[in-house]
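First comes the structure, then the notes that go with it.
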């Protein structure tokens, strides 16, 4: 599952000591495993081999150029949600022609950029967006490839903030309206009906919601394919990862077990969905993000203080919610491990950051090894929605990022200099 583990009592990423990286590059520090990225992509690619398919990595999960080049070298396409992300794909050496463009608020400038770069497809979220794409494409004298996003009204049974496939969500067009919208789209100038798309949510650890959604979609897609000569069907992303400690050990057996609890393996995903997808006889596009990058990263942080009260043991670290917002935003779990194993027993602890917010907390009342000032700890499974959601709140600079490949490592993002935070700001002349 990942290439982080203890060797001789010290946490390693592949064959590199994580503590050595922390001492060399400072903290907070994101460390990514190239081997894990490649392994996760390849396992999913192999699982989908019975059908013609394209994997478009959802780069919103982790858009570091080193991470993206790793996946581009594996043959990955990219799922983008902004013009900036498209330019990042190109900067990373990715192929714009293998990009799907999602998102409910595409601007005219973004649509024009995507058309000029000849992306694979726009995932259209609304009828007004369809009209806008037609207008921009006409101005450029181009045909815009589109897939209309179907909202199948299937509950993904995931966190409320990351479910996207019910009528309570802002995404896509209701299932019942899709055929009429396709008929309207077919009459618009400069529109190429290339495919159909859906996405029901993120961090799904059961295959059942995927199976329900795909089964519901099949008759609809078959009719649309026949009527509009569609080439592909995108089933979105959303495959979940392991965060809990009992499973986040990196044990390969979890990938092979059909009965694994708390993890959706590529083998089980394939076993349940491939028979359905084969009925379509179309290219299948899939847009995973967290599944590929999530377990491939760790956030390393230094313990600044250990504060003991009558009620709590607070471990105060130099990372904060501006570096990893998931625990504050989603109440999410990240396994926290010392970089050096000790023999001092465990104690119930709150791991907290230095920001003046009660929400700046990584865990509460968790049984952890006795950690002391100056120790380093790693927050596992931070490779997705970690750095990409970071901010400079409290004028805290953005963390550095390192990519490990076997015995070697490289800084793939330098730590942000503090003065760079306000480099674009200016005091108006009347205040001087």
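The values are calculated or read from the model by the stated rules, or taken from the named source; none is laboratory data. Since we're looking at a predicted model, the values are computed, not measured. Reconstructed Cβ throughout: ideal geometry from the backbone, glycine too, with neighbour counts over all protein chains shown.
Which residue, of 230, 193, is in a loop (DSSP other than H, G, I, E, B), in the same structural domain as residue 149 (by TED's automatic domain parsing), touching a residue at least 40 places away in the same chain (Cβ under 8 Å) and closer than 24 Å to residue 135 by Cα? Give the derivation first.
On the way: 193 fails: in a loop (DSSP other than H, G, I, E, B).
From the options 230, 193, the qualifying one is 230.
Are any residues in the stretch 303-348 at pLDDT 95 or above, closer than 18 Å to residue 21 by Cβ and not in a strand (DSSP E or B), and if so, which ones?
Listed by number, the residues that qualify are 318, 319, 323, 324, 339.
Filter the stretch 44-66 down to residues that are part of a helix (DSSP H, G or I) and closer than 21 Å to residue 199 by Cβ, then give me how many there are. Explain how you work it out, then say what you get.
Our first condition is that a residue be part of a helix (DSSP H, G or I); within the stretch 44-66, this holds for 44-47, 65-66.
Then keep just the ones that are closer than 21 Å to residue 199 by Cβ; that gives 44-45, 47.
Summing the residues that are part of a helix (DSSP H, G or I) and closer than 21 Å to residue 199 by Cβ in the stretch 44-66 gives 3.
In this structure, does residue 396 turn out to be under 28 Å from residue 312 (Cα atoms), crowded, with 16+ Cβ neighbours inside 10 Å and modelled with pLDDT of 95 or more?
On the way: under 28 Å from residue 312 (Cα atoms): yes; crowded, with 16+ Cβ neighbours inside 10 Å: yes; modelled with pLDDT of 95 or more: yes.
Yes.
Among the residues of the stretch 97-118, what is the count of those that are without any contact (Cβ under 8 Å) to a residue 24 or more places away in the chain and either in contact with a strand residue (DSSP E or B) (Cβ under 9 Å, 6 or more places away or on another chain) or within 21 Å of residue 231 (Cβ to Cβ) (or both)?
Step one: of the stretch 97-118, the residues without any contact (Cβ under 8 Å) to a residue 24 or more places away in the chain are 97, 101, 103, 105, 118.
From what's left, either in contact with a strand residue (DSSP E or B) (Cβ under 9 Å, 6 or more places away or on another chain) or within 21 Å of residue 231 (Cβ to Cβ) (or both): 97, 101, 103, 118.
Number satisfying all stated conditions: 4.
Looking at 113, 65, 71, can you tell me which residue is more than 14 Å from residue 285 (Cα to Cα), at pLDDT 95 or above, crowded, with 21+ Cβ neighbours inside 10 Å and not assigned by TED's automatic domain parsing to the domain that holds residue 385?
Working: 113 fails: crowded, with 21+ Cβ neighbours inside 10 Å; 65 fails: crowded, with 21+ Cβ neighbours inside 10 Å.
Residue meeting the stated conditions: 71.
Filter the stretch 70-84 down to the residues that are in contact (Cβ under 8 Å) with a residue 12 or more places away in the chain and over 20 Å from residue 41 (Cα atoms) and list them by number.
81, 82, 83
What number of residues within the stretch 39-60 are under 22 Å from residue 4 (Cβ atoms), surrounded by fewer than 24 Cβ atoms within 10 Å (Cβ to Cβ) and in contact (Cβ under 8 Å) with a residue 40 or more places away in the chain?
Qualifying residue count, the stretch 39-60: 3.
Would you point out the residue of the stretch 119-133, among those that are touching a residue at least 12 places away in the same chain (Cβ under 8 Å) and out of contact with any helix residue (DSSP H, G or I) (no Cβ under 8 Å at 6 or more places or on another chain), that is nearest to residue 180 (Cα to Cα)? Before the answer, list the steps.
Let us first name the residues in the stretch 119-133 that are touching a residue at least 12 places away in the same chain (Cβ under 8 Å), namely 119-127, 129-133.
Restricting the remaining residues to those that are out of contact with any helix residue (DSSP H, G or I) (no Cβ under 8 Å at 6 or more places or on another chain) gives 121, 123, 125-126, 129, 131.
Numbers: 121: 20, 123: 17, 125: 14, 126: 13, 129: 16, 131: 15 Å.
So, considering only residues that are touching a residue at least 12 places away in the same chain (Cβ under 8 Å) and out of contact with any helix residue (DSSP H, G or I) (no Cβ under 8 Å at 6 or more places or on another chain), the one nearest to residue 180 (Cα to Cα) is 126.
Can you pull out every residue in the stretch 387-432 that is more than 23 Å from the chain's Cα centre (by Cα) and part of a helix (DSSP H, G or I)? Full working, then the answer.
The first filter runs over the stretch 387-432 and keeps only residues more than 23 Å from the chain's Cα centre (by Cα), leaving 394-396, 406-408, 417-432.
The answer is 394, 395, 418, 419, 420, 421, 422, 429, 430, 431.
Could you list, in sequence order, the residues of the stretch 269-292 that are in contact with a strand residue (DSSP E or B) (Cβ under 8 Å, 6 or more places away or on another chain) and part of a helix (DSSP H, G or I)? It would help to see each step written out before you state the result.
Here is the first cut: in the stretch 269-292, the residues in contact with a strand residue (DSSP E or B) (Cβ under 8 Å, 6 or more places away or on another chain) are 269, 277, 280, 282-292.
Of everything in the stretch 269-292, those that are in contact with a strand residue (DSSP E or B) (Cβ under 8 Å, 6 or more places away or on another chain) and part of a helix (DSSP H, G or I) turn out to be 269, 277, 280, 290, 291, 292.
Could you please tell me which pairs satisfy a Cβ distance under 6 Å, a separation of 6+ or placement on different chains, a first residue in the stretch 272-290 that is over 23 Å from residue 40 (Cα atoms), and a second residue that is buried (at least 20 other Cβ atoms within 10 Å of the Cβ) and modelled with pLDDT of 95 or more?
From residues that are over 23 Å from residue 40 (Cα atoms), the pairs are 280/221; 280/233; 282/232; 282/233.
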